[in-house]
Amino acid sequence: MIHVETDGFRFEFDSAIEAFVFDEKDKTKSTFHGMPMKGVDVVAEFEEAYVYIEIKEYNDDRASKYDINNSSSQTELEQKKECFKWLKDYLKYKFRDSYLYRHAEGKVDKPIHYICLLTFDNALNSKFSKSLKQELPVGSKSIRWNISLAKSCQVLNLERWNQCFPKWPVSKIA
Amino acid sequence: MIKGIALENFAAFKKLELKFTSGINIIIGENSCGKTQILKSIYALSSEQNITDKLLGLFKPHNGNLSGLYHRGGKGKASIIIEDSSGQFAVTEFGPRMEAAKKESSIVNSGQPVLLPTKEVLSLLPAIQATTASKEVLSALFDDSVIDLCHMLLSEPDGDLTEAVNNDPRLGGVIPMLVKTIGGKFEINGDEHSFVKGKFIEKTSSNISKAQSAQAYSDFNNFEFKKEKSSETSVTMTAEGYRKIGLLQRLIDTGALVKGKTNILLWDEPESNMNPILMKLLVQCMLELTRNGQQIIIATHDYVLLKWFDLLINEKKGDHIKYHSLYRNKTDNSVEVMTTEEYLELKPNAIDEAFGNLIDQEIVNDMGELGK
């Protein structure tokens, strides 16, 4: 079991080969990131795959800013689309930069699953998941590609995470 | 206005209490938690008809007797109690083997409740009006909520709709909005039932100066219904979603809703057969009705409808929403309720859970046993 604490969350990874704070800012640590690139919060390695984890915690009021399913006016919809796009791009480029970094480390030899832990409801998370899958992209999207960047991408909240991944419990730390 | 309901040993409920707001009440929950049963219970008790007939006519228990409405495994009498805003009660109760229920009520002037079932009814009206089907046949085909609503819709309007829109400032907001939403209005003239395309527009008069017009507008509305030429179509030819919104227009037209009434509107799954695009307008219409004093209780399974309420609620306009989530207690499987005024605090949320289940399946498909 490997424990990782970051951004107010504590993860426990059963059967992990390695798990660490990927965007580590502490220069004294061997996992110090140290490059002018974006980085996901946590990377965990398992026998069959790598898992990249990005955490984005919003309070409830801010969450509705991204909810393009529901707007009360055209102006509000446009604003929400901007916010939605910003967050989607943020999550997308975090993944891509992390992939590049790991490529340079020689650590892209297994399928990669990208999981975003967001504090939205399931409906909004589904919407993000769909958009992010299209843009990462997930799978071998280009006919010229021999490997895929990401095997899968999931967007879920804390409650759903703990239901779906009982071997990787996550909790908020005070 | 209904302030609350308490049910014991009745239908799906061992013991349950709900407190309502005078505005919008939204009941959610998984199937078989009794959402529709709550609406029908309020309707039965608010109705002035014989309570036993009403309960049997609405619920249609499998054995045709009240015992079919007694909660399985219950102890003691079954009871339903509703309380109105002035603290008066209507109570009905019956034992597990009784053939008739007793009802006592101190509630006065509550008005005839309106229950809109999931089934669309406007297209049934011509057949019911022409009495081509006997009472027995109708009763075999539909429960009382459908038949009662048809009779309500067929009753004569208590005045001209345009006149009402112009004379009652409250209706000036609601009716033009409903008519705009569906692009016309439903009319029943004698045995002719039709949908007429058109909209309410503000009348312009060259004889009234702008200042006079502004003064006049503050006192009463100045709308006229502009009908599209030769646009009458049969009700059956109209989209089902439009027919549902048309129901509200017709109910206001006949005086069953809004017009100085204190009765309650109970609406079972307003979203059924509704194009999701119309959902925002539907919610706006319901909010506008409550701003005119109409208490509404709806039961829904629809995320979009629920979210629109959350997004369009305007506390400055006096909007007030209560969300009631029905769920089964894991210990004894009894139905319980969690009530909140904040959408995001709504737990368990069976509607959002449906999206959660999609996420679960995607994870299984994409990641297999990883993390499990």
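Which residues of the range B:294-334 show a drop of at least 50 Å² in accessible area when all protein chains are present, compared with their chain alone (probe radius 1.4 Å, heavy atoms only, ligands and nucleic acids excluded)?
In the range B:294-334, residues shielded by partner chains: B:Tyr303, B:Leu311.
Could you put B:His324, B:His62, B:His193 in order of accessible surface area, largest first, with the 1.4 Å probe and the full protein assembly present? Walk me through the numbers on the way to the answer.
Numbers: B:His324 0, B:His62 165, B:His193 30 Å².
So the residues, ranked largest to smallest area, are B:His62, B:His193, B:His324.
Could you work out [θ]222 nm for chain B from helices alone, using -39500 (n - 2.57) per DSSP H run of at least four and dividing by all its residues? Round to the nearest 500 deg cm²/dmol. Could the numbers behind the result be given before it?
Details: 12 runs with 130 residues, N = 372.
Taking each H run of at least 4 residues, the total per residue is -10500 deg cm²/dmol.
Just how many pairs of Lys in the range B:261-360 have C-alpha atoms closer than 15 Å, counting pairs that are eight or more places apart or on different chains? Write out the running numbers ahead of the final one.
Working: B:Lys280/B:Lys307; B:Lys307/B:Lys322; B:Lys307/B:Lys347; B:Lys322/B:Lys347; B:Lys330/B:Lys347.
Final tally of qualifying lysine pairs is 5.
Restricting attention to the range B:1-97, which trypsin sites (Lys or Arg not before Pro) occupy a DSSP loop and are surrounded by at most 10 other Cβ atoms within 10 Å? Could you put the intermediate results ahead of the total?
Numbers: sites: B:Lys3, B:Lys14, B:Lys15, B:Lys19, B:Lys35, B:Lys40, B:Lys54, B:Arg72, B:Lys75, B:Lys77, B:Arg97; in loops: B:Arg72, B:Lys75, B:Lys77, B:Arg97.
Answer in residue order: B:Arg72, B:Lys75, B:Arg97.
Which net charge results when you count Lys and Arg as +1 and Asp and Glu as -1 among the other residues whose beta-carbon is under 12 Å from that of A:Ile2?
Working: positive: A:Arg10, A:Lys167; negative: A:Glu5, A:Glu12, A:Asp14, A:Glu18, A:Glu45.
Local net charge: -3.
If you take the square roots of the eigenvalues of the alpha-carbon gyration tensor of the range B:69-183 and sort them as a ≥ b ≥ c, do you get rounded (a/c under 1.5), prolate (a/b over b/c) or oblate?
Details: a/c = 2.68, a/b = 1.50, b/c = 1.79.
Verdict is oblate for the range B:69-183.
How shielded is A:113-124 by partner chains, expressed as the average number of their Cβ atoms within 10 Å of its Cβ atoms?
Numbers: counts 5, 0, 3, 0, 0, 0, 0, 0, 11, 12, 12, 3.
The mean count of partner-chain Cβ atoms within 10 Å per residue comes to 4.
How many partner chain Cβ atoms sit within 10 Å of a residue's Cβ in peptide B:358-368, on average, as a whole number?
Working: counts 5, 13, 5, 0, 10, 11, 1, 1, 10, 11, 3.
Counting other chains' Cβ atoms within 10 Å and averaging over B:358-368 gives 6.
Among B:Phe142, A:Leu158, B:Thr132, which residue has its Cα furthest toward the positive end of the charge dipole of the protein assembly as shown, with +1 on Lys/Arg Cβ and -1 on Asp/Glu Cβ?
A:Leu158
Taking the Cβ of B:Ala130 as the center, what net charge do the other residues with Cβ under 13 Å away carry, scoring Lys and Arg +1 and Asp and Glu -1?
It works out to a net charge of -2.
Please find, in a Gaussian network model of chain A (springs between Cα atoms separated by less than 10 Å), the residue of A:Phe46, A:Phe22, A:Phe32 whose mean-square fluctuation is greatest.
A:Phe32
In debye, nearest 20: dipole of the protein assembly as shown around its Cα centre with unit charges on the Cβ of K, R (+) and D, E (-)? Don't skip to the end; give the middle numbers.
Numbers: 68 positive and 76 negative charges, 115 e Å.
So the magnitude is around 560 debye.
Using mean Cβ contacts within 10 Å as the protection proxy, how do A:25-31, A:11-17, B:181-187, B:330-336 order, highest first? Could the numbers behind the result be given before it?
Details: A:25-31: 9.3, A:11-17: 17.3, B:181-187: 21.4, B:330-336: 12.1.
Descending mean neighbour count gives B:181-187, A:11-17, B:330-336, A:25-31.
Counting every Cα pair in the protein assembly as shown, what percent are over 44 Å apart?
It works out to 33 percent of all Cα pairs.
Taking only Cα atoms and a 10 Å spring cutoff, compute GNM fluctuations for chain B and point out the largest among B:Leu346, B:Leu289, B:Leu138.
For chain B, modelled as a Gaussian network with Cα springs under 10 Å, the answer is B:Leu138.
Using a 1.4 Å probe and counting only protein heavy atoms, arrange A:His113, B:His320, A:His103 so the residue with the most accessible area comes first.
A:His103, B:His320, A:His113
Considering Cα pairs under 8 angstrom that are at least six residues apart, work out the relative contact order of chain B and quote it in whole percent.
Reported relative contact order: 23 percent.
Just from its helices, what would the mean residue ellipticity at 222 nm be for chain A, if runs of 4 or more DSSP H residues each count -39500 (n - 2.57) and the sum is divided by every residue, rounded to the nearest 500 deg cm²/dmol?
After summing the helix terms and dividing by residue count, I get -10500 deg cm²/dmol.
Just the accessible area for B:Cys285, please: 1.4 Å probe, Å², rounded to the nearest 10?
0 Å²
Protein chains only, probe 1.4 Å: how do A:Arg144, B:Arg291, B:Arg243 rank by accessible area, largest first?
The ordering from most to least exposed comes out as A:Arg144, B:Arg291, B:Arg243.
For every other residue with a beta carbon closer than 12 angstrom to the beta carbon of A:Lys141, add +1 if it is Lys or Arg and -1 if Asp or Glu, then tell me the sum. Intermediate values should be presented prior to the final figure.
On the way: positive: A:Lys133, A:Arg144; negative: A:Glu135.
After counting each charged neighbour, the total is +1.
Any idea of the total accessible area buried by the A-B contact, 1.4 Å probe, rounded to 100 Å²?
By this definition, chains A and B bury close to 2400 Å².
So for the protein assembly as shown, taking the charge dipole from beta-carbon charges (+1 Lys/Arg, -1 Asp/Glu), which of B:Ser155, B:Gly68, B:Phe13 sits furthest toward the positive end?
It is B:Ser155.
Can you tell which of B:Ser22, B:Ser231, B:Ser79 shows the greatest fluctuation in a Gaussian network model of chain B with Cα springs below 10 Å?
Most flexible of the set in this elastic network: B:Ser231.
The values are calculated or read from the model by the stated rules, or taken from the named source; none is laboratory data. Being a predicted model, the structure only gives us computed values, none of them experimental. In this analysis, Cβ positions are derived from the backbone assuming ideal geometry, glycine residues included, and neighbour counts consider all displayed protein chains. Note: areas computed on protein heavy atoms with side chains; ligands, DNA, RNA excluded. Shrake-Rupley method; radii C 1.70, N 1.55, O 1.52, S 1.80 Å.
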